[in-house]
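This report concerns only the one structure given below.
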Amino acid sequence: MNPITLFLTVCLLVAAVAVGRLVDPIAGAPFAVAAIILAASLKMANTWQKFVVLRAGELQGVRGPGLFFILPVVDTVVAVIDERIQTTAFNAEQALTRDTVPVNVDAIIFWRVHDARAAALEITDYRTAIDRIAQTSLREMIGASELSALLSELKSADERLRTEIGRKTQAWGVSVSAVEIRDVSIPVALQDAMSREAQAEREKRARIILGSAEVAVAGQFVEAAEAYANSPAALQLRAMNIIYETTKERGATILMPTSMVDAMNPAVALALAGQPPSPEAPAK
């Protein structure tokens, strides 16, 4: 009994008692009868509720939200339907994928009743039916998918499940807004095998990247060699830079071959290149 009906019923009963004591017990009887009729006939539905009412076994209507009256004894409220979004968790244990891999999948479905009449009259228990339909659809989807596709395309699997479950529950007045797969568990032995496969794939990519880097470095060395061959002075400056870089650390002992020391002499470098020394740079 809702609070408004309870309050009015109590008021009528108090009035019946008061009139019976102050006036006449028979005069208070109508108030008592009115209280009983009001308690049985005045109903209230919240804004998210729908009441399905049958009159003598036939559908009289869907009432709510707000206050409404029914005929006592003749009318019967057979279902109170909550039209808010509901959630139902479901799973599939040891379901085989298309490539015969057993997996455990946990998912959750978001749904709501959009037709209270159909939900009350077309099926006995729509909540249980939604759970069964969701589990069956999940197993069908797993059986039609390979493990790799199931793990990498969860969003697509969610959409397929939403469409399939929504198609089956539409006749019951239930619409499915979303389905989300929360977890996909595979056997431990298969996890180890997949881990080794992923590690091998990463090593393969690393070797390919290293080979590409070696090719690029070799090309740069070839270009540098051509530049040094065409400009002995550039080679001499590079050699001096190398010596400078190696002598920055204190306490370092450097052994240089005589040919490198001679190479830093401009006259020797020009002679090796087959060019006469310039007057500005006499040989020493």
Is it true that some residue in the range 6-25 is of a type in the set (D, E, K, R), over 51 Å from the mean Cα position of the chain (by Cα), surrounded by fewer than 17 Cβ atoms within 10 Å (Cβ to Cβ) and outside the structural domain of residue 115 (by TED's automatic domain parsing)?
-> yes
Within the bounds of the range 223-232, is there any residue that is within 23 Å of the chain's Cα centre (by Cα), part of a helix (DSSP H, G or I), acidic (Asp, Glu) and surrounded by 10 or more Cβ atoms within 10 Å (Cβ to Cβ)?
-> no
Residues being buried (at least 17 other Cβ atoms within 10 Å of the Cβ) and more than 12 Å from residue 107 (Cβ to Cβ): count how many of those fall in the range 177-195.
-> 1
With respect to residue 89, is the statement that it is buried (at least 17 other Cβ atoms within 10 Å of the Cβ), among the aliphatic types (A, V, I, L, M) and either in the same structural domain as residue 129 (by TED's automatic domain parsing) or at pLDDT 90 or above (or both) true?
-> no
Tally, over the range 81-100, of residues that are within 23 Å of residue 151 (Cα to Cα), touching a strand residue (DSSP E or B) at 6+ places or on another chain (Cβ under 6 Å) and among the acidic types (Asp, Glu) = 1
Among the candidates 149, 120, residue that is among the small types (Gly, Ala, Ser) and at pLDDT 90 or above | 120
Among the candidates 76, 47, which residue alone is free of Cβ contacts under 8 Å to residues at least 24 places away in the same chain and in contact with a Leu (Cβ under 7 Å, 6 or more places away or on another chain)?
-> 76
Could you please give the count of residues in the range 124-147 that are part of a helix (DSSP H, G or I) and touching a residue at least 24 places away in the same chain (Cβ under 8 Å)?
-> 15
Scanning the range 97-120 for residues that are of a type in the set (A, V, I, L, M) and assigned to a strand (DSSP E or B), which turns out surrounded by the most Cβ atoms within 10 Å (Cβ to Cβ)?
-> 109
Selection count where residues are within 30 Å of residue 108 (Cα to Cα) and of a type outside the set (A, V, I, L, M, F, W, C), scope the range 56-89 | 8
Quick check: anything in the range 19-41 in contact (Cβ under 8 Å) with a residue 12 or more places away in the chain and within 30 Å of residue 175 (Cα to Cα)?
-> no
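The values are calculated or read from the model by the stated rules, or taken from the named source; none is laboratory data. The model shown is predicted, which means the values in this text are computed figures rather than measured ones. Note that each Cβ is placed from the backbone with ideal geometry, even for glycine, and that neighbours are counted across all protein chains shown.
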